[in-house]
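Written below as structure tokens is the structure these notes are about.
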Amino acid sequence: MTLYVTSTANDGAFFVYLEDVDENGNVTYSTEGQFRPIHRKVSKEHPPYAVFGSYHSFKRQDSLPFEAGQLTELQFHLLPTSVLFKQGHRVRVAIAGHDKDLFARYPAVGTPEISIQRNAVNASYIDLPVMQGRRG
């Protein structure tokens, strides 16, 4: 997942959900990813576990400030899964700034305004690996 974001706050969290939408508009959760922008530094360390792309250490000394009003690039992964999206279905990406049932809120107070860029210069996107299926 690559997001180009601005916020009116100096802290935040991003929750991205990948969903399958059928022909009738029914939504099925597929996977998700969570990320705080202060952890966006890509580490040059050897990761202690297998990663499928950029490695973020999440160490305090590797944190970077998230500045209000400044365009920031965030790159992070969704949890691995294997999903068949049927013909006629759509893939939906839902983005939230908080999951009150599971995570602390960043920032703890206030209601920040978040903008996600989707233009030719700063095109937020999700990169999904595609495997050709068998027909039969």
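The values are calculated or read from the model by the stated rules, or taken from the named source; none is laboratory data. All figures in this text were calculated on a predicted structure; none of them were measured in a lab. Note that we place each Cβ from the backbone using ideal geometry, even for glycine, and neighbour counts take in every protein chain shown. Side chains included, ligands, DNA and RNA excluded: accessible areas come from the protein's heavy atoms. Shrake-Rupley method; radii C 1.70, N 1.55, O 1.52, S 1.80 Å.
Computed values, structure above
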{"quantity": "Every residue from the range 39-93 that is at positive phi and either in contact with a strand residue (DSSP E or B) (Cβ under 8 Å, 6 or more places away or on another chain) or among the polar types (S, T, N, Q) (or both)", "calculated": "G53, G69"}
{"quantity": "Hits in the range 1-53 - residues which are acidic (D, E), farther than 16 Å from F85 by Cβ and either over 16 Å from the mean Cα position of the chain (by Cα) or open to solvent by 40 Å² or more (accessible area, probe 1.4 Å) (or both)", "calculated": "E45"}
{"quantity": "Odd one out for Q75 among (1) closer than 16 Å to F35 by Cα; (2) surrounded by 13 or more Cβ atoms within 10 Å (Cβ to Cβ); (3) over 16 Å from the mean Cα position of the chain (by Cα)", "calculated": "(3)"}
{"quantity": "Residue pairs meeting the criteria (Cβ under 7 Å; at least 6 apart or on separate chains; first more than 12 Å from N10 (Cβ to Cβ) and touching a residue at least 24 places away in the same chain (Cβ under 8 Å), in the range 52-73; second of a type outside the set (D, E, K, R) and assigned to a strand (DSSP E or B))", "calculated": "L71/Y4; L71/T6; E73/T2; E73/Y4"}
{"quantity": "So G88, is it within 16 Å of A13 (Cβ to Cβ) and at pLDDT 90 or above", "calculated": "no"}
{"quantity": "Only listed residue being modelled with pLDDT under 95 and within 20 Å of T2 (Cβ to Cβ), chosen from G110, G133, G53", "calculated": "G53"}
{"quantity": "Selection within the range 116-126 - surrounded by 11 or more Cβ atoms within 10 Å (Cβ to Cβ) and either in contact with a strand residue (DSSP E or B) (Cβ under 7 Å, 6 or more places away or on another chain) or more than 15 Å from I95 (Cα to Cα) (or both)", "calculated": "I116, Q117, N122, S124, Y125, I126"}
